[in-house]
Amino acid sequence: MYGLYVIGFVASLIIALLLTPLVKKFAFWVGAVDAPNQRKVHTRIMPRLGGLAIFLAFVAAYFIVSPALDALNSNAAYGLLLGGLVIVVTGALDDRFQLSPKWKMLGQLIAACIVVAFGLKIDLVNIPFGTTNLPIGWLSIPITIFWIVGVSNAINLIDGLDGLSAGVSGIATTTILILALMMGNVTVVLLCVILLGSISGFMFFNFHPAKIFMGDSGALFLGFALATLSILGFKQAAVVSLLVPIMILGVPLSDTFFAMLRRYVNKLPISAPDKSHLHHCLLQLGFSHRASVLIIYGIAAMFGGSAVICSVFISQNSTWGLVLIIVALFLGMLVGAEAIGIISKSRKPVLNFLQRLVGKQVQSDGK
């Protein structure tokens, strides 16, 4: 079985390597290009539509390997493939024609509804510090749709530097893969290794300096795939709470949360674009393009590692271990956000409080 996983990874990687240059030429031919402006980092016209290469490699490798796996949940896989097709087409149309937000949202909702129609739903909410699971009934449908649409847009929001969204998605996919191996979920393992191969093949052309962007077709698909895989991977494991998939996607979700908070603090519309996302702040601090991306990779890996540790604590009913991980992550996230100015360049209440606390401690030690 592990040999099939290796074949799936290699097949998707090679197909992505072969398809991406063709997609690049196709993007120029149809005019799906990204022109530089005041909010963007690149300085020349770049082809988009890279998501087509990722998706096509994913689909092709799935059909190469899946017939050999008897334990595969093909119903769930088809939900991901068909929903992914809808969201890739939506993203590709936006890459070329700049769709209005309502049409993009419609495509995302249709894709999410397809996943639900194939039976993939968040049926239970695990209480992290208890032993019971809460059945949520009909609320499972809107919660699932909200999760899929939210994660899809979160990945899209961090797509601001060469290789950033692809790399962070690859780290999240690897984390889900590790947890799926721990739980023996054959379907999720196969889909993860194929998706990881597709991302890896595309990254050869997308890491700085990028030769092609994934565009909305890629960012929306990766977000959609990660959201769907997290549901498929954890809906069958009562011991795993929603904290784990949230941690796996910690970088895009926290960046989205801070963007909403930042716009609220600055009295701007929630949907107003700005240049204060995590990657923008790192660049403003003087880090190079590549260094900024690698730093965010490190943060994503930290979130992924925390998710794996938390899943172990949850399975062992280790409440205190789980609490310590959550508190440490939350405080670290707040301090880091204020240090780089992702919320506000001037308002830093947590850092000011810690500085006053340290100052008082120094004074008391001096006495």
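With θ taken as phi - 60° and the Karplus curve 6.51 cos²θ - 1.76 cosθ + 1.60 applied, the whole-hertz 3J(HN,Hα) list for the stretch 204-219 is 4, 9, 10, 6, 4, x, 5, 9, 7, 9, 6, x, 5, 4, x, 5 Hz, x standing for glycine and proline. Separation of the stretch 307-335 from the stretch 170-194 is 21 Å, based on Cα centroids. Taking the chain as a Gaussian network of alpha-carbon nodes connected by springs under 10 Å, the highest mean-square fluctuation of the residues Val335, Val168, Val59 belongs to Val335. Treat every Asp and Glu Cβ in the chain as -1 and every Lys and Arg Cβ as +1, leave all other atoms uncharged, and give the resulting dipole magnitude about the Cα centre to the nearest 20 debye. Roughly 1100 debye, rounded to the nearest 20. Annotation: aspartates and glutamates with alpha-carbon distance below 13 angstrom to Lys275 (same-chain offsets under eight excluded): Asp159, Asp255. Once the Cα-Cα distance is subtracted from the 0.36 nm per residue extended length, the Lys25 to Arg347 segment shows a gain of 111.3 nm. Look at the alpha carbon pairs under 8 Å that are at least 6 residues apart: their mean separation over the length of the stretch 1-346 gives a relative contact order of 23 percent.
Taking amide H as placed 1.01 Å from N in the peptide plane, Val33 has its amide H under 5 Å from the amide H of Arg48, each at least 5 places away in sequence or on another chain. Count Lys and Arg as plus one, Asp and Glu as minus one, and take only other residues whose Cβ is under 12 Å from that of Glu338; the net charge is then +4.
A dipole drawn for the stretch 145-293 from +1 and -1 charges on Cβ atoms has a positive end, and of Leu190, His208, Ser292 the residue lying farthest that way is Ser292. Label separation (Val312 vs Leu285): 2.9 nm, computed from points 7 Å beyond Cα along the C-beta direction. Say the dipole of the chain comes from +1 at the beta carbon of Lys and Arg and -1 at that of Asp and Glu; which of Thr228, Phe9, Ile64 then lies farthest toward its positive end? Of Thr228, Phe9, Ile64, it is Thr228. Only protein atoms count toward the accessible area here, which uses a 1.4 Å probe; on the stretch 1-346, the carbon and sulfur part of that area reaches 72 percent.
The values are calculated or read from the model by the stated rules, or taken from the named source; none is laboratory data. Since the structure is predicted, the reported quantities are computational estimates derived from the model, not experimental observations. Here Cβ is always computed from backbone atoms with ideal geometry, including for glycine, and neighbour counts include all displayed protein chains. These area figures cover heavy atoms from the full protein model, side chains too; ligands, DNA and RNA do not enter into them. Shrake-Rupley method; radii C 1.70, N 1.55, O 1.52, S 1.80 Å.
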